[in-house]
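This report refers to the structure that appears directly beneath it.
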Amino acid sequence: MIDIELPACFYLGKEYRLEDRTLGRPILYEARDLTTHGVVVGMTGSGKTGLCVTLLEEAAIDGFPCVIIDLKGDLSNLLLQFPELLPEDFLPWIDPAEARRKKRTPEEHARHIAETWRRGLEEWGQTPERIRRLQASSDWRIYTPGSEAGLPLSVLASFAAPRGEITREALTERVEATASGVLGLTAAASDPVQSREHILIANLLLHSWMQGKDLTLERIIHQVQSPPFSKIGAFDIETFYPEKDRMRLAVALNNILASPSFASWITGEPLDLGKLLYAADGRPRQCIFYLAHLDDSQRMFFLTLLLEEILAWTRAQPGTTNLRAVIYFDEVFGYLPPHPNNPPTKQPLMTLMKQARAFGVGVLLATQNPVDLDYKALTNAGTWFVGKLQTERDKARLLDGLESVAAAQGTLTDRKHIDQVISSLGSRTFLMHNVHHGPPVVMQSRWALSYLAGPLTRDHVARLMAPVKKTQGTVSADDSRISQGSHAPSAAQVQRICSQCGIAVKDTAKFCPECGHRLLTRAEAAEEERFKREVAAEPGRKPDGQSTSPPVLSSDIPQFFVPVVPLANWPGGKTEARLHYEARIYGSAEIHYADARRGFFHQQTLRGLAIPPGGPSGQGWHQFEPLAEDALNIAPSLEATYGPVPSSLNDGKKLRALERSFVEFLYANAVQVIHHNRHFGLCSEADEDFEAFLERCRAAARTAMEAEVADLERKFRKRLEALDVSLRAAKTELEQSQAMLQRRKNEELLKSGSSILRTLLGWGRSTPKLPQSDYAGERRVQRASSEVEKRRLERERFVAEYHQSIAAIRDKWQQKAEDVRELRISPRKSDIRILAFGLAWTPHWVLEAEGTTITLPAYASRRTHANADR
């Protein structure tokens, strides 16, 4: 008796005897064997897809996240899970044309399908409860890049610089593949060695990524026009790739970006495998990437980015011998071809086949023709599932691969025998060769838990993902409603006033929702008005307090000019614009945050502006406005008018007092908020958001959980084997007791018959003896039967306790992963170092149109960037 529910074992089917076409014992494939990868080969109609679906179902039941690349649309059948097996569940998914061919109404055909599925599950020892377990085991998602039928996926994050440590070789591989994927969307050549286009794009990616800077397609287009370097190799950029030619490449890339269809490529979740593989509640996620709607170039583009993301995520995982995740690539033809073909998907796939084993990531490839796959990739697979093949050439290539794998593992294969077996295979029968477990065996795949309806269309996918989208849409609507506010603030909430447009806003806000300017308290607003009146009253000024040249100041007062941002097109009609500078305090400081006990160290450079106070009291720092990281100038860039210099800035002594107040302000207000998990000793990085840190905690928890589960599994198997031995011994004792009792009954019956015969023939005078019961034998049989039942119940109780222990372990580590606390780290005064301090001239555009004067900031602050993003 074999338990098909053993943990980390995939129930794939049963052994199949070709001689008499009968089934044998169940095939249980150990999950850890998949870390050496697998290949499924079979022609159309061989049952290849059904086998792969069953393997993915088992992986989901056992809690392994999967990345499923669905090129045809039939892997999305995994979501057709109907635990009740009701005809009305099947009805929306049946093929009406097939029902007509069968001369049935759709309702009759649905009843027939439901009954067929029920019988199929029963014949293979499965119950509807397994479907419920499959449904609840994971969060099921279908992503449709380039379409909104399923869940859209943003590919812009795939141009983000790799995080963490990465070797130069790995970085170069990712750069080459990404450049090839981008150029694959255009008609430009993408040869890594000879193509100017490829070399330029690769150098742009490498230049930014080595500095830790992210890129988007729009930034790549700009950098193609104006590269951030002057030489490529030994040639200057204009000799290697003239500007006129670069413009043609920029136009080709811009056509992609400007296409209305490309909008669907930049919406949705980012392509971040660390966040995609697990749901917020900790459940593993089965991510199906539906690509049936894409053309060849779009598929190559997306798959290149996806495979590079998988490779980067894999390398970031700790090493393990247990299976961590499954990567399934359906119909890999054209993406891993033999030499000399080299599409951009080939290198990351080859690297995964060679290196992913060390990180517990199993790769499963499916194809119809083994001659279409790279020979080196075939020999890296430790498990082969071979179905019916089309040609002798396919069979020969496959036999060569099997012999190579067997030789590498130190095992032997009988080529002639395997050749005969492959030629005898039928539908749903496969030759399974697992290098970890003896000689090849013939098997028949089990009945799938999911309804195999055939390739699904985008309409089908939209129907399946509608509940997920509805949930996400509700959350987004709530967030939007909260952010916008459905009611005006009450009088108690009106605590801040916009310095630009004068509207009153809730105390919790920092910036004006209308114009983006910083909000002031009532006291700060009164201080600013007083300052303006003071400036306007200074002698020697124009009526508006402005001059046409910078004021002459003492040499001990450093002066800076904030760079001017050109004025964008103003929609308000014909305008006249002039540049005007206002005096502000500029401060730049380097702040060190340290928490040695928790191992957190961070350095922050802060630069920004503040309105000068009436005196050196430092009150103006509460209106501190962070600046973008552009360098300040030491001279004005354009002709402009200048506002007055307040009295608090016209003397070096007063300026030094303000500098000290700046340090006091930073000491009192600068704080670095991080998150800490005491169970794993983890602290978030300074620029790491909460979800990313939480995912790191979950990864640490999963590693600890896997180790504890593996230890429990070893003890479980040992104890289970002992229970199985005792159960078999009890059954043997029962069989022997029953046989002995029957033998004694037969002997007693024979003696009684002989006695009766002697009496009838007159050979004796004794009274014939009738058969008597063997009470001792019956008691032995009862005791043996009771012992068998006791051992069976003991085994079932132990298996149930094991599953409860597994669930308790998962809950324990999930709770530890979620136990995150917020820490606030403040600097010491000695950790604050002033880099620059002085008077800053901030530019403003003054617009005059139809008698109205409007003043707009003409410089880039971080707040300005935030408003532009909004």
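The values are calculated or read from the model by the stated rules, or taken from the named source; none is laboratory data. In this text, all values refer to a predicted model and were calculated from it rather than measured experimentally. Cβ placement follows ideal geometry from the backbone for every residue including glycine, while neighbour counts extend to all protein chains displayed. Accessible surface areas use protein heavy atoms only, side chains included; no ligands, DNA or RNA. Shrake-Rupley method; radii C 1.70, N 1.55, O 1.52, S 1.80 Å.
Taking the range 656-671, which residues are open to solvent by 10 Å² or more (accessible area, probe 1.4 Å) and either of a type in the set (A, V, I, L, M, F, W, C) or at pLDDT below 75 (or both)? Give the derivation first.
Filtering the range 656-671 down to residues open to solvent by 10 Å² or more (accessible area, probe 1.4 Å) leaves 656-657, 659-661, 663-665, 667-671.
Matches in the range 656-671: Ala657, Val663, Phe665, Ala668, Ala670, Val671.
Exactly one residue among Ile288, Ile266, Ile256 is modelled with pLDDT of 90 or more and either of a type outside the set (Ser, Thr, Tyr) or closer than 23 Å to Trp140 by Cβ (or both), and that residue is Ile288. Apart from one condition, Pro613 fits all of (1) at pLDDT below 80; (2) buried (at least 19 other Cβ atoms within 10 Å of the Cβ); (3) within 25 Å of Arg824 (Cα to Cα); the exception is (3).
Taken together, the residues in the range 223-236 that are over 19 Å from Trp209 (Cβ atoms) and not small (Gly, Ala, Ser) amount to 3.
Please work out which residue is most open to solvent (accessible area, probe 1.4 Å), limiting yourself to the range 547-593 and to residues that are part of a strand (DSSP E or B) and modelled with pLDDT under 75. The residue in question is Glu576.
The set of residues in the range 276-305 being touching a helix residue (DSSP H, G or I) at 6+ places or on another chain (Cβ under 6 Å) and more than 21 Å from Arg463 (Cβ to Cβ) consists of Gly282, Phe301, Thr304, Leu305. Scanning the range 444-473 for residues that are under 26 Å from Ala279 (Cα atoms), charged (D, E, K, R) and touching a strand residue (DSSP E or B) at 6+ places or on another chain (Cβ under 9 Å) yields a count of 2.
Determine, yes or no, whether Ser661 is touching a residue at least 24 places away in the same chain (Cβ under 8 Å), of a type in the set (Ser, Thr, Tyr) and out of contact with any strand residue (DSSP E or B) (no Cβ under 9 Å at 6 or more places or on another chain). When the stated conditions are applied, Ser661 passes them.
In the set (1) modelled with pLDDT under 95; (2) within 22 Å of Leu378 (Cα to Cα), the condition left unmet by Leu55 is number (1).
The set of residues in the range 128-140 being aliphatic (A, V, I, L, M) and either farther than 10 Å from Gln81 by Cβ or open to solvent by 30 Å² or more (accessible area, probe 1.4 Å) (or both) consists of Ala136 alone.
Every condition in (1) at pLDDT 90 or above; (2) of a type in the set (D, E, K, R); (3) over 29 Å from Trp93 (Cα atoms) holds for Arg428 except the one numbered (3). A Cβ distance below 6 Å, combined with a sequence gap of six or more or placement on separate chains, defines the contacts here; from the range 710-736, residues that are more than 17 Å from Pro7 (Cα to Cα) and of a type in the set (Ser, Thr, Tyr) reach residues that are in a helix (DSSP H, G or I) and open to solvent by 60 Å² or more (accessible area, probe 1.4 Å) in the pairs Ser726/Arg791. The numbered conditions (1) basic (Lys, Arg); (2) closer than 30 Å to Leu365 by Cβ; (3) part of a helix (DSSP H, G or I) are all true for Arg118 except (2). The residues in the range 185-202 that are under 22 Å from Leu306 (Cβ atoms), modelled with pLDDT of 75 or more and not β-branched (Val, Ile, Thr) can be counted, and the count is 2.
The residue that is most open to solvent (accessible area, probe 1.4 Å), among those in the range 814-844 that are over 27 Å from Glu590 (Cα atoms) and not polar (S, T, N, Q), is Glu818.
Taking the options Asn341, Asn322, name whichever one is at pLDDT below 90 and polar (S, T, N, Q). Answer to the selection: Asn341. When Phe359, Phe329 are screened for being open to solvent by 30 Å² or more (accessible area, probe 1.4 Å), among the hydrophobic types (A, V, I, L, M, F, W, C) and under 21 Å from the mean Cα position of the chain (by Cα), only Phe359 passes.
Entry remark, the range 269-297: residues being basic (Lys, Arg) and open to solvent by less than 20 Å² (accessible area, probe 1.4 Å) number 1 in total. Looking across the range 326-352, the residues that are of a type in the set (A, V, I, L, M) and either over 16 Å from Leu271 (Cβ atoms) or not in a strand (DSSP E or B) (or both) come down to Val326, Val332, Leu336, Leu349, Met350, Leu352.
Filter the helices (runs of 4 or more DSSP H) completely within the range 141-251 down to those with at least 3 residues that are charged (D, E, K, R), open to solvent by 20 Å² or more (accessible area, probe 1.4 Å) and within 25 Å of Ala312 (Cβ to Cβ).
168-183
The condition of being modelled with pLDDT of 90 or more, surrounded by fewer than 19 Cβ atoms within 10 Å (Cβ to Cβ) and touching a His at 6+ places or on another chain (Cβ under 7 Å) holds for only one of Arg463, Arg458, that being Arg458.
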